[in-house]
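In what follows, a structure is listed as structure tokens, so that the remarks can point back to it.
The values are calculated or read from the model by the stated rules, or taken from the named source; none is laboratory data. Worth saying up front: this structure is predicted, and the values here are computed from it rather than measured. Glycine gets a Cβ as well: all are built from the backbone with ideal geometry, and neighbour counts include every protein chain shown.
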Amino acid sequence: MLLAILTDLHANREAVEACIAHAKQQKASQYAFLGDLIGYGADPEWVMSTVMTYVQRGAYALMGNHDIAILQDDRQGMNPVARQVVEWTRSQLSDAQIAFIRNLPYRIDLQDLLLVHANAWAPDEWEYVDGVMEAMRSMHATKAQVTFCGHVHMPTLYHMTMTGKTGEFLPTPEHSIPLSKQRRWLVIPGSVGQPRDGNPAACYATFDTNTQELTYFRVPYDNETAAKKIIAAGLPVSLAQRLMTGD
């Protein structure tokens, strides 16, 4: 099975369309959406509709912190920009879409694979895996050989030896990486809808469950149109600028 892993879609229709089209070209046979389907972008209804359709066909989808914020009345923990977008986003979604979000899981276990949005030790508390220590903590919290994790918008790969030594690797797009069964792995594909590593191209990854090969991809998309939609919706201009620069 070739699994396409897409996370942090952030209501960016143009980026999601480009990544799904690219994954189809790679012959992806299954899809996993690791949360933060909405927030920041101007097309929450379309992105939710698309993810729901894929889930109906057997795809996996997780709860993210921006998703659960739609269900909450108290959003004081969010920064003002994110809070403004969440309030606007809620007004764009149907009752069926909100009900779909309410039923999203925080984690999905697939034999030797674990899917989470934030981390494996407390997937509903939204702490980041943004360094080797956090990656080690996450891998120690699960028996899965490979954990796929979102929340962090920069593509990264962590690995842990049988003795617990943990290292960090910055992947090169389109280069297949064999994930040895002699190690544990934590895969952060990067964000589809809002990259933050200085490269505005959308991020996603594929994993071949037969060969244990992982491949990261960067997919250029019409970020100018996505940015213009954010401005037209009356959302913060900074979010549009971020799509153009990838910062």
Any idea how many residues of the range 82-101 are closer than 29 Å to A4 by Cβ and either of a type in the set (V, I, T) or in contact with a Lys or Arg (Cβ under 9 Å, 6 or more places away or on another chain) (or both)?
6
Identify the single condition in (1) assigned to a strand (DSSP E or B); (2) within 15 Å of the chain's Cα centre (by Cα); (3) not hydroxyl-bearing (S, T, Y) that W185 does not satisfy, given that it satisfies every other one.
(2)
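Just to be sure, is S138 buried (at least 23 other Cβ atoms within 10 Å of the Cβ) and assigned to a helix (DSSP H, G or I)?
Values: buried (at least 23 other Cβ atoms within 10 Å of the Cβ): yes; assigned to a helix (DSSP H, G or I): yes.
Judged against the criteria, S138 is a match.
Quick one: would you say M78 is under 29 Å from A226 (Cα atoms), surrounded by 15 or more Cβ atoms within 10 Å (Cβ to Cβ) and either of a type in the set (V, I, T) or within 17 Å of the chain's Cα centre (by Cα) (or both)?
Details: under 29 Å from A226 (Cα atoms): yes; surrounded by 15 or more Cβ atoms within 10 Å (Cβ to Cβ): yes; either of a type in the set (V, I, T) or within 17 Å of the chain's Cα centre (by Cα) (or both): no.
Against the criterion (under 29 Å from A226 (Cα atoms), surrounded by 15 or more Cβ atoms within 10 Å (Cβ to Cβ) and either of a type in the set (V, I, T) or within 17 Å of the chain's Cα centre (by Cα) (or both)), M78 does not qualify.
Condition check ((1) in contact with a Phe, Trp or Tyr (Cβ under 7 Å, 6 or more places away or on another chain); (2) of a type in the set (V, I, T); (3) within 16 Å of I5 (Cβ to Cβ)) across all residues:
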| residue | (1), (2), (3) |
| --- | --- |
| H140 | no, no, no |
| T161 | no, yes, no |
| E174 | yes, no, yes |
| L186 | yes, no, yes |
| N199 | no, no, no |
| Y204 | yes, no, yes |
| L235 | yes, no, no |
Could you tell me whether the range 17-28 includes any residue that is touching a Gly at 6+ places or on another chain (Cβ under 7 Å) and surrounded by 19 or more Cβ atoms within 10 Å (Cβ to Cβ)?
no
With respect to the numbered conditions (1) within 22 Å of F33 (Cβ to Cβ); (2) in a helix (DSSP H, G or I), which one is the sole condition not fulfilled by V81?
(1)
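Scan the range 211-221 and give yes if some residue there is modelled with pLDDT of 95 or more, farther than 20 Å from P173 by Cβ and over 16 Å from the mean Cα position of the chain (by Cα), otherwise no.
Narrowing the range 211-221 to residues modelled with pLDDT of 95 or more: 211-221.
If we keep only those that are farther than 20 Å from P173 by Cβ too, we end up with none.
The answer is no; no qualifying residue exists.
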Report yes if some residue within the range 168-175 is in a strand (DSSP E or B) and under 18 Å from L114 (Cβ atoms); otherwise report no.
no
Taking the range 87-112 as the search range and keeping residues that are out of contact with any His (no Cβ under 9 Å at 6 or more places or on another chain) and part of a strand (DSSP E or B), which one is surrounded by the fewest Cβ atoms within 10 Å (Cβ to Cβ)?
D109
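Checking the condition closer than 27 Å to A120 by Cα and among the hydrophobic types (A, V, I, L, M, F, W, C), which residue from V187, V219 passes?
Numbers: V219 fails: closer than 27 Å to A120 by Cα.
Of the residues listed, the single one that is closer than 27 Å to A120 by Cα and among the hydrophobic types (A, V, I, L, M, F, W, C) is V187.
Out of the range 193-211, which residues are in a loop (DSSP other than H, G, I, E, B) and of a type outside the set (D, E, K, R)?
Within the range 193-211, the subset in a loop (DSSP other than H, G, I, E, B) is 193-201, 209-211.
Correct list: G193, Q194, P195, G198, N199, P200, A201, T209, N210, T211.
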Test L37 against the criterion of being in contact with a Lys or Arg (Cβ under 8 Å, 6 or more places away or on another chain) and either of a type outside the set (K, R) or free of Cβ contacts under 8 Å to residues at least 40 places away in the same chain (or both), and give yes or no.
no
Can you find a residue in the range 141-157 that is buried (at least 20 other Cβ atoms within 10 Å of the Cβ), among the polar types (S, T, N, Q), touching a helix residue (DSSP H, G or I) at 6+ places or on another chain (Cβ under 8 Å) and over 25 Å from R242 (Cβ atoms)?
yes
Output for the range 169-184, where each listed residue is under 20 Å from A120 (Cα atoms) and crowded, with 17+ Cβ neighbours inside 10 Å:
L179, R183, R184
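Consider T166 carefully, then state whether it is more than 19 Å from A11 (Cα to Cα), of a type outside the set (D, E, K, R), under 20 Å from the mean Cα position of the chain (by Cα) and crowded, with 16+ Cβ neighbours inside 10 Å.
Working: more than 19 Å from A11 (Cα to Cα): yes; of a type outside the set (D, E, K, R): yes; under 20 Å from the mean Cα position of the chain (by Cα): no; crowded, with 16+ Cβ neighbours inside 10 Å: yes.
No; evaluated as a whole, the condition is false for this residue.
Looking at R242, R196 in this structure, which one is basic (K, R), crowded, with 20+ Cβ neighbours inside 10 Å and more than 19 Å from T147 (Cβ to Cβ)? Working first, answer last.
Numbers: R196 fails: crowded, with 20+ Cβ neighbours inside 10 Å.
Step by step, each of R242, R196 is checked, and only R242 is basic (K, R), crowded, with 20+ Cβ neighbours inside 10 Å and more than 19 Å from T147 (Cβ to Cβ).
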